[in-house]
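Engineer: Sharing a structure below in structure tokens format, with a few things to ask.
The values are calculated or read from the model by the stated rules, or taken from the named source; none is laboratory data. The structure presented is a predicted model; accordingly, all values stated were derived computationally and were not measured. Note that each Cβ is placed from the backbone with ideal geometry, even for glycine, and that neighbours are counted across all protein chains shown. Heads up: the accessible areas ignore ligands, DNA and RNA and are worked out on the full protein's heavy atoms, side chains in. Shrake-Rupley method; radii C 1.70, N 1.55, O 1.52, S 1.80 Å.
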Amino acid sequence: MFFEILIIVFKILLIVIPLLLFIAYLTYFERKVIGAIQLRKGPNVVGPFGLFQPIADGIKLLTKETIFPDNSNKFIFILSPILTFTLALIGWAVIPIDYKLVLADINVGVMYIFAISSLGVYGIIMAGWASNSRYAFLGALRSAAQMISYEVSIGLIIISVLITSGSLNLTEIVMKQQNMWYLIPHFPMFVIFFISTLAETNRAPFDLPEAESELVAGYNVEYSSMSFGLFFLGEYGNMILMSSMSTILFLGGWLPPADINFFQNIPGFIWFLLKVTFLLFLFLWVRATLPRYRYDQLMRLGWKVFLPLSLAWIIITSSVVIYLQN
Amino acid sequence: MTLYFFYFFTFIVILSSFLVIFVSNPVHSVLFLIFTFFNAAIIFLIFKAEFLAMTLLIVYVGAVAVLFLFVVMMLNISESVIKEGFLRYFPFGLLLISIFLIELFMIFNSDKVIFPENGFLKINEIMNLGMDNTKSLGLFLYTDYFIIFQISGFLLLLAMIGAIVLAHSDIKNPKSISPINQKNVDKKTIIKLN
């Protein structure tokens, strides 16, 4: 009994520690990519090519003072960054990185991830309320409305993928894509899913919750030191989680792009990492290119464009599936 | 082992649902409500009803309770107002609770209410065949109970349309700009150089 628990803890650490490193170097990657796009060098002072920059940033955040605003609700104020960060990590329990390389191969994997990502809104809305500041509260309300709106279209897109795969298990969804990635038949939905994940993770061009020009920094104005750090890490962790989700649903998970012998020899988790990194690069590319959306345009896009399109796609997909079955 | 887990989580559910009522801050009571939902989902998981557990999380915790929290935070209700209404609403609440309790007793005491007479599928048989939760529930809902399923869907649609009709106002908001009009703006008429 004790030994089994120890093994599970060891497995969890094997997932979490590389993930934290990935998150840390995602911030480095982001600064380098945006630097390159804006014809700058990006971080290049700390260590060779600035490679120790994320570690320096982390140490700086840890050594700062944690400030609790007056009249803030202390318990919820501390709880919300912890919640955000935990939710960004526990989604990884069901993500298959390679064939059978997964902590818990549960048969409602897709729904688990969807539930986890829909819980993410609580960290933000609780932070906004608990810090007892107008800016933080307005940012939190915006964020909650935005995340709920885009979850609707994400859910519908997931349903149309599920209709084609016929399973809620993430490993089986990937195995069904051996002949053809779902990217090809579901291409419009892949685009909509990608844009919705941008909105779901509060990234540019939908980073209205932390619009600096109007709300200072949104829900995390009052946070400092590691409590801010946890929000920051949580956001980047969610980016990676959603990217791996779209990798599994549309880009064939760990499967190589073609059935060539050379491609088969490369281990599956490297393909998985490459695909996730490509999607993350798209995230950063979009951030460096596009200006921020106006709030009413964001809501219009979610409810009046994406929702009808993804609903129509479900009907089209299920008709095609029934036609092919007969 | 499972039994102890069950007792532990039911204890938490009961405790937190009491706290929903007795906590003075309305935002705290909504948070306890969310905690109750969450633990109810865990109880579903203990009984291997993973589909129901995840649906509970997605629908109630992920969507409905967020909107609750949203409204309660925005209304900013003072704590004294809630305490004043207690005696006024207590008889009504007592009536509702007693109706619910009697219904529960009636369902659990009789053994013939649940299954239809001419049903083809029995949920126990499907589960025993070794199909997973989601599939058996789907087979069950879309065959024997299809009409009831559709009717409940229409009820929800009706509620949605009703809410939209009640909240909709014909007054045009001058601040909102239609993106089509925005696209059709002509450069010559808008920009003037003197």
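Engineer: Can you report the number of residues in the stretch A:47-57 which are over 22 Å from residue A:224 (Cβ atoms) and of a type in the set (A, V, I, L, M, F, W, C)?
Structural biologist: Within the stretch A:47-57, residues that are over 22 Å from residue A:224 (Cβ atoms) and of a type in the set (A, V, I, L, M, F, W, C) number 3.
Engineer: Out of A:90, A:97, A:76, A:163, which single residue is within 11 Å of chain B (Cβ to nearest Cβ) and modelled with pLDDT of 85 or more?
Structural biologist: A:76
Engineer: It is to be established whether one or more residues within the stretch B:6-26 are within 13 Å of another protein chain (Cβ to nearest Cβ) and assigned to a helix (DSSP H, G or I).
Structural biologist: Yes - at least one qualifying residue is present in the stretch B:6-26.
Engineer: Sort out which residues of the stretch B:136-146 are crowded, with 17+ Cβ neighbours inside 10 Å and either closer than 14 Å to residue B:49 by Cβ or at pLDDT 80 or above (or both), and write them in order of number.
Structural biologist: B:136, B:137, B:140
Engineer: Also: Name, by its number, the condition in (1) crowded, with 16+ Cβ neighbours inside 10 Å; (2) outside any loop (DSSP other than H, G, I, E, B) that does not hold for residue A:42.
Structural biologist: (2)
Engineer: Hey, residue A:64 hits all of (1) at pLDDT 90 or above; (2) open to solvent by 20 Å² or more (accessible area, probe 1.4 Å); (3) more than 30 Å from residue A:165 (Cβ to Cβ) but one; which does it fall short on?
Structural biologist: (1)
Engineer: Another question, if that's okay. Name the residue, out of A:58, A:109, that is open to solvent by less than 60 Å² (accessible area, probe 1.4 Å), touching a residue at least 60 places away in the same chain (Cβ under 8 Å), within 14 Å of chain B (Cβ to nearest Cβ) and under 24 Å from the mean Cα position of the chain (by Cα).
Structural biologist: A:109
Engineer: Only residues that are over 13 Å from residue A:117 (Cβ atoms) and either open to solvent by 60 Å² or more (accessible area, probe 1.4 Å) or of a type in the set (Asp, Glu) (or both): list them for the stretch A:87-102, please. Reasoning before the result, please.
Structural biologist: Step one: list which residues in the stretch A:87-102 are over 13 Å from residue A:117 (Cβ atoms), which gives A:93, A:96-102.
Of everything in the stretch A:87-102, those that are over 13 Å from residue A:117 (Cβ atoms) and either open to solvent by 60 Å² or more (accessible area, probe 1.4 Å) or of a type in the set (Asp, Glu) (or both) turn out to be A:98, A:99, A:100, A:101.
Engineer: Tell me which residues, restricted to the stretch A:306-321, are surrounded by fewer than 14 Cβ atoms within 10 Å (Cβ to Cβ) and either of a type outside the set (Val, Ile, Thr) or at pLDDT below 90 (or both).
Structural biologist: A:308, A:312, A:319
Engineer: Under the condition of being assigned to a helix (DSSP H, G or I) and surrounded by fewer than 23 Cβ atoms within 10 Å (Cβ to Cβ), which residue from the stretch A:126-136 is nearest to the other protein chains (Cβ to nearest Cβ)? Let's see the steps before the verdict.
Structural biologist: As a first pass, look at the stretch A:126-136 and keep what is assigned to a helix (DSSP H, G or I): A:126-130, A:134-136.
Checking the rest, the ones that are also surrounded by fewer than 23 Cβ atoms within 10 Å (Cβ to Cβ) come to A:134-135.
Details: A:134: 12, A:135: 15 Å.
Residue satisfying both the conditions and the ranking: A:134.
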